[in-house]
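A.B. asks: Take this structure first; my questions come after.
The values are calculated or read from the model by the stated rules, or taken from the named source; none is laboratory data. Model, not experiment: these values are computed from the prediction. No Cβ is skipped: glycine too gets one built from the backbone with ideal geometry, and neighbour counts run over all protein chains shown.
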């Protein structure tokens with residue numbers, strides 16, 4: 001029985017990876033903020049290599065950058081879902097978009113604090 005399930009699990013995993021890649025590509029293509037955040041990550045990576053910090057500190061710094069990208073992806077998903085439901089202005093739509101945007105802002109703030117604490 002396990003032999004029959006294994007190809008199905010691999011097929012599902014493969015599909016999930018393709019969907020995730022599509023989401024990353026689409027977000028990179030459509031969202032300027034995501035492109036800028038990706039550029040910031042690319043520019044920050046050499047700093048991680050160059051500074052003298054512990055492996056744990058460098059990992060925390062890297063993960064803080066990933067948190068920003070994750071928050072931006074969730075923000076984009078919320079905005080797309082709200083826009084799909086209706087183009088009309090509604091207080092709940094505004095609230096959902098504002099809260100998702102606040103998550104991005106807090107992730108950027110968190111990353112900045114982590115980087116400043118480790119570097120200085």
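A.B. asks: If you check 47, 41, which single one turns out to be assigned by TED's automatic domain parsing to the domain that holds residue 101 and in contact with a helix residue (DSSP H, G or I) (Cβ under 6 Å, 6 or more places away or on another chain)?
C.D. replies: It is 41.
A.B. asks: I'd like the residue in segment 59-82 that is in contact (Cβ under 8 Å) with a residue 40 or more places away in the chain and more than 15 Å from residue 24 (Cα to Cα) and, out of all such residues, is surrounded by the fewest Cβ atoms within 10 Å (Cβ to Cβ).
C.D. replies: 60
A.B. asks: Right, something else. For segment 80-89: of the residues being part of a helix (DSSP H, G or I) and out of contact with any helix residue (DSSP H, G or I) (no Cβ under 6 Å at 6 or more places or on another chain), which is nearest to residue 35 (Cα to Cα)?
C.D. replies: 80
A.B. asks: Given 99, 108, which one is loosely packed, with under 12 Cβ neighbours inside 10 Å and more than 17 Å from residue 30 (Cα to Cα)? If you could, list the steps in order and put the result at the bottom.
C.D. replies: Values: 108 fails: loosely packed, with under 12 Cβ neighbours inside 10 Å.
Of the residues listed, the single one that is loosely packed, with under 12 Cβ neighbours inside 10 Å and more than 17 Å from residue 30 (Cα to Cα) is 99.
A.B. asks: A further question on this structure: Among (1) farther than 22 Å from residue 47 by Cβ; (2) within 20 Å of the chain's Cα centre (by Cα), there is one condition residue 89 misses while meeting the rest; what is its number?
C.D. replies: The number of the failed condition is (2).
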